[in-house]
Amino acid sequence: MTSPMTREELQRYAQLLLKGCLAFGRGDMLTIQMSVAARELGVALAEAAYAAGAKSVAVDLDDHRIYAARIAQGSRAALGHEPQWVRARHRSLATKESAFCVVLDEYELDVLAALPADRVAEHTALRLRNSPLNQARRDGRFRWTGCAWPSEEWAARVYPEVSPDKAARRLARDILFFCRLGPEDPAGHTGWTAHLATLRRRAAKLTRLDLKELHVRDRGTDLRLRIAPYSMWRGGGEKDYWGRQLALNVPTEECFISPDAAATEGTFRCSRPRSFGGRVIEDLRGEFRGGRLVRLDARRQADRDWLAKYLAAIPNAERLGEIALVDASSRIGQRGRTYYNALLDENAAAHMAFGSGFAKTRTKPLGRARYGVNRSKTHIDVMIGTNNLEATGIKQNGRTVPLVTEGVWKI
């Protein structure tokens, strides 16, 4: 089978992930979570990691058919259960030397679509509740990144008009372009690190505005979101507990914040389909009152019912945990394609997320005082922006500040 990336592209991509996202160094240990479809990237990452002085490279196989067997046929006790040896391995990921890379390739999604929403939700919530990594994430001790790999199955959905191998090559070129690794980009991954720095500067400017409210308007969307005290915008990665600069999403285009979960008001309409649970949910729309989702619709009633059942099964999943602004300069959005992948599609347009918020969007540590950050055991991003996006901030003194006008950043 022809590789979707050349040897040079693979090596450059692996270097970006290790050095430009994970700050990987001599003596570190790498764990790669991937399906068999992403073996090429896994090998490239292993080669690059060992060349950089890695002590070990391990693979955590992600298999949708095995997952589906648990959801569809497992007992109630099987949902969310992890044996002690898996929990011990997860605890080891919170050490200074450990690094974790998740590879998303949208492989064998057909086995997921028939799974019952309530059991998927229960398994998801229990796994997150019982995870030894919960505190490590909050403390910045879990060093990880998520990236994409162009499997032929996924590429055929994105580029159905060409053969699977040509589709995979096109998707590979897209991914490299989004990561600033295209033929016109600077050598190495300097284009990527410069892009991250731009996002961090933009997030810092947004934070300095000290907004009390955010008003987002677009086709079918008119949302007012309260920004709680001690809030901070994020974007372009972050520093971990040990001071290393990381990038958690590859690629990324967003500046985001967790709004006050109890104060969202208004309507929304998704501008792009959302691939979730093996389904492609189209024309998702709804309404918030007092921070809670009170109405939900979709093009297909079955998709609407599945998502509604999933959200209802997890406490606080019907509240917002994130609002993210992305403008028309996004390389992903400029392609004008739906990628059926949350990592890519959420960075193509402004989006919001049902479920859990981010403690890192507050300048004070979260304790009993949550400062408006939603607590839930799920996080589902849905795209609400187009090139006509209008985002306005309202400052503490009531003055309005244009943030995005006609899809273009104004700060």
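The values are calculated or read from the model by the stated rules, or taken from the named source; none is laboratory data. Nothing here was measured: the structure is a model prediction, and the numbers come from that model. We place every Cβ from the backbone using ideal geometry, glycine too, and count neighbours over all the protein chains shown. Areas reflect the complete protein model, heavy atoms only, side chains present, ligands, DNA and RNA absent. Shrake-Rupley method; radii C 1.70, N 1.55, O 1.52, S 1.80 Å.
A compact table of results
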| quantity | calculated |
| --- | --- |
| Tally of residues being on the phi > 0 side of the Ramachandran plot and in contact (Cβ under 8 Å) with a residue 60 or more places away in the chain across region 362-405 | 2 |
| Meets criteria (free of Cβ contacts under 8 Å to residues at least 24 places away in the same chain, more than 28 Å from Ala156 (Cβ to Cβ) and open to solvent by 10 Å² or more (accessible area, probe 1.4 Å)) for Ala359 | no |
| Residues that are open to solvent by 10 Å² or more (accessible area, probe 1.4 Å) and either farther than 30 Å from Ala308 by Cβ or touching a helix residue (DSSP H, G or I) at 6+ places or on another chain (Cβ under 7 Å) (or both), drawn from region 137-152 | Arg138, Asp139, Gly140, Arg141, Phe142, Trp144, Glu152 |
| Candidates Glu265, Glu238, Glu213, Glu287 - the one that is within 30 Å of Gly182 (Cβ to Cβ) and either open to solvent by 30 Å² or more (accessible area, probe 1.4 Å) or touching an Asp or Glu at 6+ places or on another chain (Cβ under 9 Å) (or both) | Glu238 |
| Cβ pairs under 8 Å, 6+ apart, first in region 79-99 and within 24 Å of Gly27 (Cβ to Cβ) and open to solvent by 30 Å² or more (accessible area, probe 1.4 Å), second part of a loop (DSSP other than H, G, I, E, B) and among the polar types (S, T, N, Q) | His90/Ser131 |
| Tally, over region 24-78, of residues that are open to solvent by less than 40 Å² (accessible area, probe 1.4 Å) and of a type in the set (D, E, K, R) | 2 |
| Count of residues meeting criterion [of a type in the set (Val, Ile, Thr) and open to solvent by 10 Å² or more (accessible area, probe 1.4 Å)] in region 304-325 | 0 |
| Failed criterion for Asp105 (all others in (1) open to solvent by less than 50 Å² (accessible area, probe 1.4 Å); (2) modelled with pLDDT under 90; (3) over 28 Å from Asn347 (Cα atoms) hold) | (3) |
| Matching option when the condition is aliphatic (A, V, I, L, M) and assigned to a loop (DSSP other than H, G, I, E, B), among Ala302, Ala317 | Ala317 |
